[in-house]
Structure formats: structure tokens, C-alpha cells
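Undergrad: Questions regarding the structure given below will be posed in turn.
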Amino acid sequence: MPHATFSTPLGTCAIAWSEAGLTRFLLPDPERPPVGNTDAEPPPWVAEIIARVKRHLAGDAQDFSDVHYDFTLVPEFVRGVLRATLAIRSGCTATYGELAVAIGATAAASRAVGSALGDNPWPLLIPCHRVVAAGGKMTGFSGPGGVATKVRLLALEGAQLISE
């Protein structure tokens, strides 16, 4: 599967694609070993996403809801959660329970929503970092750096953060 790595203000990101759409996005991870020089030249539509990611991580908030994701790679429930997550705008947050209700489940499905977001193949682009625990508590970010990265991304987007 073709992929490319690229530098951003937060570090090196990676993106992969197929004819069906984006297949993966990776946030910077200082512990990830280098993948070698196997990068492919991204097609124009992927190059535009890369440019938007760079702008976003430089503080110019971008909306990635128009990106074509290859949702065939994830189960139906996860797909629903990810699509609902795309509706959370930059600078805003929603709780796991609110997201559960948004997909037609009860708030009790919040743990299942959290698990689905933990499997998000497109973190940042599908903004799972904007989903918080009830009361605004920062929990559960499976990306590199965990909750600290989640808080950093939310602060970059201008979200109102609650300190404990």
C-alpha cells in the first residue's frame, strides 16, 4: 500500500492510501522506528491532505470531513462512530456518551464508543481527540503520547479545557 511520511510542527506524520481512499494516518511518534525510504509520491488529492495537516498542526484549523476515507477497512459500528466523530468541529468537544447517542445508541454504549475510537485508523483527521469523558475529563487517547497529545491537539484548536 503506498504511503508517505512528512514533517509537521509536531514531528513526522505518515499517510497511506489506495484507490478506495485514505487507508491510514499516523501522528508523530518519537518511538516509532524509521520506515526507511519506501515513500511513494502522493497523488494530488493526498498531497492536498498533507498540506492541510501541516497547516492544522501549525495552528490553522482545518476540517477533514470532506476527505475520502476507505471505511471498508473498519467494522460497521466503528464506521458509524467515526462518521459521527467527523461532525465535532475544531475547538469543540463531545463526550463518549453524547457520541453514543448521536449514533442511535444509549449513553451506556460510551465504553464501546471509546473502544471504537481507540481503533481509529485516521487520528487527527477523524478527530477522536475531541471526544472526552463526562464532565470534560481528559481520558483515553490511543495515539502516541496518550492524553498529553490529546490535550496538546485540543489546545492547538482552541478548545476550552477544564483543569482538575
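Quick note: the coordinates plus some simple rules give every number you see, no bench work behind them. Bear in mind the structure is a predicted one, so any value in this text is a computation, not a measurement. Cβ atoms come from the backbone with ideal geometry, glycine included; neighbour counts cover every protein chain shown.
Undergrad: So, how do all the Cα-to-Cα distances of segment 3-57 break down into 10 Å bins, in percent, from 0 on up?
TA: Computed distribution, short to long bins: 23, 58, 19.
Undergrad: Before anything else, pin down the relative contact order of segment 73-156: Cα pairs under 8 Å, at least 6 apart, normalised by residue count, whole percent. Working shown, then result.
TA: On the way: 105 pairs, mean separation 23.9, N = 84.
That works out to 28 percent.
Undergrad: May I pose another question? How long are the three semi-axes of the equivalent ellipsoid of segment 81-164, in whole Å, if each is the root of 5 times an eigenvalue of the C-alpha gyration tensor, listed from largest down? Kindly include the intermediate steps, with their values, before the conclusion.
TA: On the way: eigenvalues 66, 37, 29 Å².
Taking √(5λ) for each eigenvalue gives 18, 14, 12 Å, largest first.
Undergrad: Next up: Just need the relative contact order of the chain here, percent rounded to a whole number, with Cα pairs under 8 Å and 6+ apart. Display every interim value, and only then the final one.
TA: Details: 244 pairs, mean separation 33.4, N = 164.
Worked out over the chain, it gives 20 percent.
Undergrad: Identify which of 12, 85, 93 has the largest mean-square fluctuation in a Gaussian network model of the chain, with springs joining Cα atoms closer than 10 Å.
TA: Among 12, 85, 93, the largest GNM mean-square fluctuation belongs to 12.
Undergrad: Placing +1 on the Cβ of each Lys and Arg and -1 on the Cβ of each Asp and Glu in segment 73-156, which of 118, 133, 84 has its Cα farthest towards the positive end of the resulting dipole?
TA: Positive-end residue among those listed: 133.
Undergrad: Work out the length of the dipole vector of segment 47-92 about its Cα centre, built from +1 on the beta-carbon of each Lys and Arg and -1 on the beta-carbon of each Asp and Glu, and round it to the nearest 20 debye.
TA: Details: 6 positive and 6 negative charges, 26 e Å.
My answer is approximately 120 debye.
Undergrad: Given bins 10 angstrom wide, list per bin the percent of all Cα-Cα distances in the chain, short to long.
TA: The calculated distribution, bin by bin, is 10, 41, 37, 11, 1.
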